[in-house]
Amino acid sequence: MKQHLGRQSGVQNVEVSLIDGKVQVTPKENGQIDPAQLLKATYDSGVTVAEMDMTAQGKIVKDSSGNLALQVEPNRSFAIEPNDLSKSLESLANSQTVVTVRGQLYKKRANKKKADASVLLKLLLLEVPKEVPKEAQKKE
Amino acid sequence: MVNAKKFGLLCLLAFVLVPASQAQIKHIEMRVEGMT
């Protein structure tokens, strides 16, 4: 699995811990890594993904329906699952502010034996910056 | 002359700071099952 994931586009390094079943993937500097592709590659190597967490830097954008998303590349963004943490980022929507967030992109459903590699990845925020930038506070 | 020097320093500063603020995925962690 380590070799399989290491061959994926944008992957710098893969660390596998057999003891706790954790796989750490470090993207290449400025590399375009695709979490959905990683999920599929892991699935293809015969291993079930229970959870996938991501730490990313990006801009908060709001689509026409008013849903928030984290834009990590000009052509790649992840819809943000609404929760208390996402509310604190609403003031940053469509600004030029770059934030670093940690969130859960995928969690296996209890009744599913295998991960569904084709599932739409939504970002459930677990951690956001403690201090919202001053320019965003002025808007409120 | 002074302005050219300031401009050079500004370019150097921008070169150092811009990559740090770029949007990108920094790290991915997966918890997997069925690994042998």
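The values are calculated or read from the model by the stated rules, or taken from the named source; none is laboratory data. Keep in mind it's a predicted model, so treat the numbers as computed, not measured. FYI the Cβ positions are ideal-geometry reconstructions off the backbone, even for glycines, and counts take in every protein chain you see.
Scanning region A:60-75 for residues that are within 11 Å of the chain's Cα centre (by Cα) and within 7 Å of chain B (Cβ to nearest Cβ) returns A:71, A:72. Put simply, of A:57, A:3 the only residue that is more than 9 Å from chain B (Cβ to nearest Cβ) and either in contact with a Phe, Trp or Tyr (Cβ under 8 Å, 6 or more places away or on another chain) or among the polar types (S, T, N, Q) (or both) is A:3. Scanning region A:6-18 for residues that are more than 9 Å from chain B (Cβ to nearest Cβ) and more than 18 Å from residue A:53 (Cβ to Cβ) gives A:6, A:7, A:9.
All of (1) modelled with pLDDT under 95; (2) within 14 Å of another protein chain (Cβ to nearest Cβ) hold for residue A:102 with one exception: (1).
The single condition among (1) of a type in the set (Asp, Glu); (2) closer than 25 Å to residue A:7 by Cβ; (3) more than 10 Å from chain B (Cβ to nearest Cβ) that residue A:51 does not satisfy is (3).
Of the residues making up region B:4-36, those that are modelled with pLDDT of 60 or more, within 20 Å of residue A:77 (Cβ to Cβ) and not in a strand (DSSP E or B) are B:22, B:23. Scanning region A:24-42 for residues that are free of Cβ contacts under 8 Å to residues at least 40 places away in the same chain and under 15 Å from the mean Cα position of the chain (by Cα) turns up A:24, A:25, A:26, A:27, A:31, A:33, A:37, A:38. Of all the criteria given as (1) touching a residue at least 24 places away in the same chain (Cβ under 8 Å); (2) touching a Gly at 6+ places or on another chain (Cβ under 8 Å), the one not satisfied by residue A:45 is (2).
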